[in-house]
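Peer 1: Have a look at the structure that comes next, please.
The values are calculated or read from the model by the stated rules, or taken from the named source; none is laboratory data. Everything numeric here is computed off the predicted structure, so don't read it as measured data. Note that each Cβ is placed from the backbone with ideal geometry, even for glycine, and that neighbours are counted across all protein chains shown. Keep in mind that these areas ignore ligands, DNA and RNA; they rest on the heavy atoms of the full protein, side chains included. Shrake-Rupley method; radii C 1.70, N 1.55, O 1.52, S 1.80 Å.
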Amino acid sequence: MTARPLHILLVRHGQTNSNTGGTVQGHLPTPLNAVGHQQALAVAKRLARWPTPIDALVSSDLVRAMQTASPIAAALNLPIQPDAAWRERSLGKLEGQTVGDEMLWNVASGELEPEGAEPKEVFVERVYGAITALPRRFDNGGTAVVVTHGGPIRIVLKLLLANRRPRVPVKPDRLDLATDRIVNGSILELKVAGGHWEALRLNEVG
C-alpha cells in the first residue's frame, strides 16, 4: 500500500507593529496588531476550506505566532502543538531597536551578525532539524500546518533550492538567507512523497 504524501503548510504569523515600524523582533514577545489579527482570521477561514483535511497544528511558541495559531485552532478544532524549534532567529542586542528597512533586511537575510545573536549556522541547523523531523513526526502522511516566521520559511526555501534534485533538504556549508520577502499571513505549501520534496505554493494569500 502506497503511503499518503505529507503536505506541510508553513504559515507566516500576522502583522505586528514591529513589522510595519522597522523594529527588530527576534525572540521578543511582540503581539499582533489589528491588521495581524485580521490576517490570522483570514488564514483560519482559508485553512477551514482547504482541499484536504488538516490533521495537526504546530506553532512557534512566540506570542505573535501563537496568536496567529489561535483562530486556526478554533476553525480546525485542533490543539496547538507549540514547538520552539520554529522560532524566529534570536537577534541579540538589536532586538527591540528600530532600524531602517535596508538594515532590517540585512539582519533578516543574515548579512549582519548582531552581538549576542543566534549564530547563522545554529539557526540553519535548528530549522533544518525542524523541517526534516516533520515526515517522521507525521509518518502517516496527511496535512500539517506550522505557524512560524519569515526567517525559518526563508531557510526552508533555501534548503530546498540548495539541492538541485527535489529530495530531502540538504545543508550546504554556506547558506545565503536572503530570498523574496515572505508576506505576513501567507502560506508556503510543501509536498513530501517517497522522499521527494516539492514546493506547491509560495506567499499564498488567496
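Peer 1: For the stretch 115-122, check the following and say yes or no: at least one residue is closer than 25 Å to P53 by Cα and buried (at least 19 other Cβ atoms within 10 Å of the Cβ).
Peer 2: no
Peer 1: Given the residues A42, A65, which is the only one that is hydrophobic (A, V, I, L, M, F, W, C), within 15 Å of the chain's Cα centre (by Cα), within 19 Å of I182 (Cα to Cα) and assigned to a helix (DSSP H, G or I)? Break it down into steps so the answer makes sense when it comes.
Peer 2: Numbers: A42 fails: within 15 Å of the chain's Cα centre (by Cα).
None of the others qualify; the one that does is A65.
Peer 1: Might you check whether a residue that is among the small types (G, A, S), open to solvent by 20 Å² or more (accessible area, probe 1.4 Å) and touching a residue at least 12 places away in the same chain (Cβ under 8 Å) occurs anywhere in the stretch 54-68?
Peer 2: No - not one qualifying residue is present in the stretch 54-68.
Peer 1: List every residue pair whose Cβ atoms lie under 7 Å apart, where the two residues are 6 or more positions apart in sequence or sit on different chains, the first residue falls within the stretch 6-21 and is at negative phi, and the second residue, located anywhere, is open to solvent by 40 Å² or more (accessible area, probe 1.4 Å) and hydroxyl-bearing (S, T, Y).
Peer 2: H7/T52; G21/T98
Peer 1: If we scan the stretch 181-199, do we find a residue that is at pLDDT below 90, open to solvent by 20 Å² or more (accessible area, probe 1.4 Å) and within 25 Å of I80 (Cβ to Cβ)?
Peer 2: yes
Peer 1: Of all the residues that make up the stretch 1-33, how many are touching a helix residue (DSSP H, G or I) at 6+ places or on another chain (Cβ under 7 Å), of a type outside the set (S, T, N, Q) and open to solvent by 30 Å² or more (accessible area, probe 1.4 Å)?
Peer 2: The qualifying residues number 3.
Peer 1: So, one more: Going by the conditions given, is G36 surrounded by 18 or more Cβ atoms within 10 Å (Cβ to Cβ), under 16 Å from the mean Cα position of the chain (by Cα) and at positive phi?
Peer 2: Values: surrounded by 18 or more Cβ atoms within 10 Å (Cβ to Cβ): yes; under 16 Å from the mean Cα position of the chain (by Cα): yes; at positive phi: no.
Considered against the rule, which asks whether it is surrounded by 18 or more Cβ atoms within 10 Å (Cβ to Cβ), under 16 Å from the mean Cα position of the chain (by Cα) and at positive phi, G36 comes out as no.
Peer 1: Kindly indicate whether any position in the stretch 147-164 is open to solvent by less than 20 Å² (accessible area, probe 1.4 Å), aliphatic (A, V, I, L, M), at pLDDT 75 or above and farther than 27 Å from P71 by Cβ.
Peer 2: yes
Peer 1: Restricting to the stretch 69-108, give me the number of residues that are among the polar types (S, T, N, Q), open to solvent by less than 40 Å² (accessible area, probe 1.4 Å), assigned to a loop (DSSP other than H, G, I, E, B) and more than 19 Å from T16 (Cβ to Cβ). Steps first, please.
Peer 2: Kept after step one, since they are among the polar types (S, T, N, Q), are these residues of the stretch 69-108: 70, 77, 81, 90, 97-98, 106.
From the residues that got through so far, the ones that are open to solvent by less than 40 Å² (accessible area, probe 1.4 Å) too are 90, 106.
Still in the list and also assigned to a loop (DSSP other than H, G, I, E, B): 90.
Next, only the ones that are more than 19 Å from T16 (Cβ to Cβ) stay: none.
Total satisfying the criteria: 0.
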